[in-house]
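The structure appears below as structure tokens.
Computed from the coordinates by the stated procedures, all read-outs in this text should not be read as laboratory data. None of the values given here were measured: they were computed from a predicted structure. Quick reminder, even Gly has a Cβ in these numbers, built from the backbone with ideal geometry, and neighbours come from all protein chains shown.
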Amino acid sequence: MRAHSCLAVLLTAVFACQPADTTASAKQGIDAANAQWPRLTSTGHADSLAEFYAIDAVMMPPNMATVKGKDAIRAFFATMNTIDPRPTLTLHADAVHGAGAMAMERGRWHWAFPAGAKLPPGTPAVDSGKYVVHWMQQNGKWLMVDDIWNSDSPLPTPPAPPPAPARRSR
């Protein structure tokens, strides 16, 4: 009987420590933020985009170095805004899971530059892919802490190596 009492107390404590399911509120906040990205991206609002990130956020763009901190993320978006005209961006959250003050989002993205945009070498005019974002609720607001995305497009094929020099005979 004593073991059963201890087990009941232990199970009660374990279930009491589980964070609340905050999926619905997280999805509402994340969907609201995602709805703003297309307008802010197409109009070049680097400062407003950076406000979606926590002070110590980490962003992991494809084929680039990791960007750490809100100020560096703001600078990243400011650099991206030098391309004119800017792309049209679409985000779609496939899943959001919330537990207490933390949420994870998995989704798809698509962007397209208008015809005639002067793009940096190797930048495709249209691209799409998938992303995962780790969100934290801070002061009642959902902020990105970790943001990683990648493209569905294959990397360009590198040029063929030059032919080996002919061997001289003696």
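How high is the relative contact order of the chain, in percent, counting Cα pairs under 8 Å that sit 6 or more residues apart?
It rounds to 21 percent for the chain.
Projecting the Cα atoms of LEU49, SER25, PHE113 onto the dipole axis of the range 21-126, where Lys and Arg carry +1 and Asp and Glu carry -1 at the beta carbon, places PHE113 farthest toward the positive end. Can you list the aspartates and glutamates whose alpha carbon is less than 19 Å from that of LYS27, not counting same-chain residues fewer than 8 positions off? The qualifying aspartates and glutamates are GLU51, ASP94, GLU105, ASP146, ASP147. Here's how it looks for ASP146: its modeled amide H is under 5 Å from those of VAL58, HIS134, which are all 5 or more places away or on a different chain. Placing R0 at 22 angstrom, the Cβ-Cβ distance between HIS134 and ALA112 gives a FRET efficiency of 0.20 after rounding to 0.05.
Computed extension gain for ALA101 through ASN63, at 0.36 nm per residue and net of the alpha carbon distance, reaches 10.6 nm. 3J(HN,Hα) couplings calculated from phi for the range 88-99 with the Karplus curve 6.51 cos²θ - 1.76 cosθ + 1.60 (θ = phi - 60°) are, in sequence order, 9, 10, 10, 10, 9, 6, 7, 8, 9, 10, x, 9 Hz; Gly and Pro show x. Across the chain, Cα-Cα distances exceeding 25 Å account for 46% of all pairs. Within the same chain, lysines fewer than 8 places from LYS70 are excluded, and of the rest, those with a Cα less than 17 Å from its Cα are LYS141. Backbone geometry of the range 133-139 corresponds, through the Karplus equation with coefficients 6.51, -1.76 and 1.60 at θ = phi - 60°, to 3J(HN,Hα) couplings of 10, 9, 10, 10, 8, 10, 6 Hz, x marking Gly and Pro. Quick note on the range 41-86: its Rg to Rh ratio, both from C-alpha atoms and Rh being the Kirkwood radius, is 0.96.
Note on the chain: with a GNM built from Cα contacts shorter than 10 Å, the maximum mean-square fluctuation among ALA20, ALA160, ALA32 falls on ALA160. What does a probe at GLN36 reach in the range 119-162, counting residues whose amide N is under 19 Å from the point 7 Å along Cα→Cβ? Once the point is set 7 Å along Cα→Cβ of GLN36, 133-148 turn out to lie under 19 Å by backbone N, inside the range 119-162.
Comparing mean-square fluctuations of GLY98, GLY129, GLY140 from a GNM of the chain with C-alpha springs under 10 Å, the top value falls on GLY140. Shown in residue order for the range 118-126 are the 3J(HN,Hα) couplings computed by the Karplus curve 6.51 cos²θ - 1.76 cosθ + 1.60 at θ = phi - 60°: 8, 9, x, x, x, 8, x, 6, 9 Hz (x for Gly and Pro). For the chain, set up a GNM with springs between Cα atoms under 10 Å and report which of ARG86, ARG39, ARG74 has the largest fluctuation. In this elastic network of the chain, the residue with the biggest mean-square fluctuation among ARG86, ARG39, ARG74 is ARG39.
The label point for GLU51 and the one for ALA125, both projected 7 Å from the Cα toward the Cβ, are 3.4 nm apart. Output the 0 to 90 degree angle, nearest 10, between the alpha-carbon long axis of helix 23-43 and the longest principal axis computed from the alpha carbons of the chain. With both axes taken from Cα atoms, the answer is about 20 degrees.
Placing +1 on the Cβ of every Lys and Arg and -1 on the Cβ of every Asp and Glu, with nothing else charged, gives the range 40-170 a dipole about its Cα centre of roughly 820 debye.
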